[in-house]
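The structure appears below as structure tokens.
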Amino acid sequence: MADNQKNHIVLVGFMGTGKSTVSQQLAKRLDCESVDVDCEIESREGQSIAEIFAGRGEEAFRQTETAVLVDVLGSRERKVVATGGGAVLDPRNCDMMLNHALVVALTADAHQIISRVSHDSSRPLLQGDLKLRVNRLLEDRKHAYDFADLTIDTTRLNVHEVVDAIIACLKQ
Ligand code: S3P
């Protein structure tokens with residue numbers, strides 16, 4: 001991997017915290033490319049995330065997720081990277097993100113997350129009782145995003161306010 005210390009910006013956070021939307025807007029403001037790791041996995045594998053989980057299991061999905069992160073973070077051009085909510089579960093991914101990017105964790109309260117993800121029923125880890133699944137996973141991942149350089153609670157912010165907060169941090 002190329003040695004381009006903290007060149008990129010990586011957004012981490014639980015499902016429904018706004019990573020993909022913020023990533024696109026932030027990249028526009030910074031005039032650079034936005035990469036959505038989930039979309040990249042789908043185009044690499046020629047399958048949806050749900051199909052990968054169903055056909056080859058979560059472990060196979062996680063391997064591709066790490067491979068995509070290695071490639072994206074190794075790029076010389078600055079990227080704004082939206083990761084999937086579980087990309088932080090492998091500590092090696094977290095180290096790699098910290099070494100190559102400003103890592104921004106987006107958070108939101110459970111109520112807001114449930115309302116945001118309820119419009120999309122495709123997430124494999126949220127099948128069944130949505131409220132129960134979100135609350136359980138939030139508990140399991142309580143500290144998973146603590147390693148980030150910066151944390152922004154998006155519960156009461158719109159996308160522009162989140163982007164402004166990240167840009168303000170970049171200027172410091
Ligand atoms: C996952 C989050 C999803 C996707 C996959 C697994 C997770 O991405 O990567 O369904 O483990 O939290 P989003 O956070 O973009 O929904």
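Observations
- Taking only protein heavy atoms and a 1.4 Å probe, the accessible area of the chain is 48% carbon and sulfur.
- Over the range 40-101, relative contact order from alpha-carbon pairs under 8 Å, at least 6 apart, %: 27 percent
- Accessible area of the chain divided out per residue, in Å², using a probe of 1.4 angstrom: 51 Å²
- When only Cα pairs below 8 angstrom with a gap of at least 6 residues are kept, the chain shows a relative contact order of 35 percent.
- Viscosity 1.306 mPa s, temperature 10 °C, Stokes-Einstein D of the chain from Kirkwood C-alpha radius, µm²/s: 98 µm²/s
- Residue pairs exceeding 31 angstrom between C-alpha atoms, taken from Lys79/Lys131; Lys28/Lys131; Lys142/Lys171; Lys6/Lys142: Lys79/Lys131; Lys28/Lys131.
- Helical contribution to [θ] at 222 nm, DSSP H n ≥ 4, -39,500 (n - 2.57), averaged over the chain, rounded to 500: -16000 deg cm²/dmol
The values are calculated or read from the model by the stated rules, or taken from the named source; none is laboratory data. Fair warning: this is a prediction, and the values are worked out from it, not measured in the lab. Side chains are part of the model used for accessible areas, which takes the heavy atoms of the whole protein and leaves out ligands, DNA and RNA. Shrake-Rupley method; radii C 1.70, N 1.55, O 1.52, S 1.80 Å.
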